[in-house]
Amino acid sequence: MNKQEQLKQEMIKVVESEEAKAEFEEVLKNLDSKALTAQGKIQSYKIDLESVKHSPMGGLFVTLIINGERGLSVTIALDKHNKSEEVQVGGVTYSSALDKLLNED
C-alpha cells in the first residue's frame with residue numbers, strides 16, 4: 001500500500017469511529033432538533049467514503065448523505081487534536097436542497 005492509500009485508510013478509520021459518529025449526530029441535531037427520530041426531517045445518514053479527503057489546512061473533509069438522497073448532503077471538516085487525539089468538527093456546509101427541506105413547514 002502506498003503512502004496515499006495508507007492516508008486514505010487512516011482517514012476512513014477516523015470517520016467510521018464512534019467519536020466521529022457522535023460528532024456527526026450532534027451536527028445533524030443542530031440542523032434539525034428532531035434529527036434521527038421519526039419526527040425529524042433528517043431521518044438517516046450515511047458516510048460517503050468516496051468523499052473523504054485530506055484538508056490542506058489539516059484534518060479532513062467528509063460528506064454525509066442524508067435520507068439516502070445524494071442531493072441532501074452535509075460536508076463536515078473534522079480535525080483531530082494532536083495532544084488529546086480528540087475528534088472535533090471544524091466546519092459544516094450543507095446542500096441547498098437540504099436547506100430547503102429543513103426550512104419547509
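All of the numbers you see were taken from the coordinates with simple rules; none came from a lab. Since the structure is predicted, the reported quantities are computational estimates derived from the model, not experimental observations. All Cβ positions, glycine included, derive from the backbone under ideal geometry; neighbour counts span all protein chains shown.
Identify, please: which residue in the stretch 42-60 is out of contact with any His (no Cβ under 8 Å at 6 or more places or on another chain) and crowded, with 17+ Cβ neighbours inside 10 Å and is, among those, farthest from residue 101 (Cα to Cα)?
Restricting attention to the stretch 42-60, the residues satisfying the condition of being out of contact with any His (no Cβ under 8 Å at 6 or more places or on another chain) are 42-59.
Checking the rest, the ones that are also crowded, with 17+ Cβ neighbours inside 10 Å come to 42, 45, 47, 52, 59.
Details: 42: 9, 45: 15, 47: 20, 52: 25, 59: 29 Å.
Checking each candidate, the answer is 59.
What are the residues in the stretch 58-68 that are over 16 Å from residue 14 (Cβ atoms), of a type outside the set (S, T, N, Q) and touching a residue at least 24 places away in the same chain (Cβ under 8 Å), if any? Hits for the stretch 58-68 are 66, 68. Residues in the stretch 54-95 that are outside any strand (DSSP E or B) and touching a strand residue (DSSP E or B) at 6+ places or on another chain (Cβ under 9 Å): 55, 57, 58, 59, 67, 68, 81, 86, 95.
If the condition is being free of Cβ contacts under 8 Å to residues at least 24 places away in the same chain and not in a helix (DSSP H, G or I), then the stretch 1-36 contributes 1, 2, 33, 34, 35, 36.
The lone criterion from (1) in contact (Cβ under 8 Å) with a residue 12 or more places away in the chain; (2) in a loop (DSSP other than H, G, I, E, B) left unmet by residue 39 is number (1). Of the residues making up the stretch 61-92, those that are under 13 Å from residue 19 (Cα atoms) and either under 11 Å from the mean Cα position of the chain (by Cα) or not charged (D, E, K, R) (or both) number 6.
Of all residues in the stretch 70-105, exactly one satisfies the criterion of being touching a residue at least 40 places away in the same chain (Cβ under 8 Å), buried (at least 16 other Cβ atoms within 10 Å of the Cβ) and of a type in the set (D, E, K, R), namely 80.
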